[in-house]
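Novice: This structure is in structure tokens; I'll ask about it shortly.
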Amino acid sequence: KLSFGKIGFSKAMSNKWIRVDKSYEGGPRIFRTVESIEDQVREKLLLVKQGNAAQLDEKEKNELKKRKLLAEV
């Protein structure tokens, strides 16, 4: 098992990118609900990489720090 799988799955569920049908015969099935996604976390990290971290507000920075994707030095 991958450690980030549970987090990614729950984020995809909360963003309504996927849905789970538990009534399916043979066990639960996962279905895609959108054709494509826009990865906002990746875009935020690219801003930081390009030196534009000032464009992020504190809430966004704290969320990235909480997920250990960003560390201020």
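The values are calculated or read from the model by the stated rules, or taken from the named source; none is laboratory data. Quantities reported herein were computed from a predicted structural model and do not represent experimental measurements. Note that we place each Cβ from the backbone using ideal geometry, even for glycine, and neighbour counts take in every protein chain shown. The protein model used for the area step is the full one, side chains on, heavy atoms only, and it has no ligands, DNA or RNA in it. Shrake-Rupley method; radii C 1.70, N 1.55, O 1.52, S 1.80 Å.
Novice: Counting only residues that are open to solvent by less than 60 Å² (accessible area, probe 1.4 Å) and over 20 Å from N15 (Cα atoms), how many does the stretch 28-50 have?
Specialist: Counting residues in the stretch 28-50 that are open to solvent by less than 60 Å² (accessible area, probe 1.4 Å) and over 20 Å from N15 (Cα atoms) gives 2.
Novice: For the stretch 1-22, which residues satisfy the criterion of being open to solvent by 100 Å² or more (accessible area, probe 1.4 Å), in a loop (DSSP other than H, G, I, E, B) and either modelled with pLDDT of 90 or more or closer than 18 Å to L64 by Cβ (or both)?
Specialist: Selection gives S3, F4, K16, K22.
Novice: Also, I was wondering about something else. Mind counting the residues in the stretch 23-46 that are under 16 Å from the mean Cα position of the chain (by Cα) and either part of a helix (DSSP H, G or I) or on the phi > 0 side of the Ramachandran plot (or both)?
Specialist: Going residue by residue through the stretch 23-46, those that are under 16 Å from the mean Cα position of the chain (by Cα) are 32-34, 36-46.
Keeping just the survivors that are either part of a helix (DSSP H, G or I) or on the phi > 0 side of the Ramachandran plot (or both) gives 40-46.
Here the count works out to 7.
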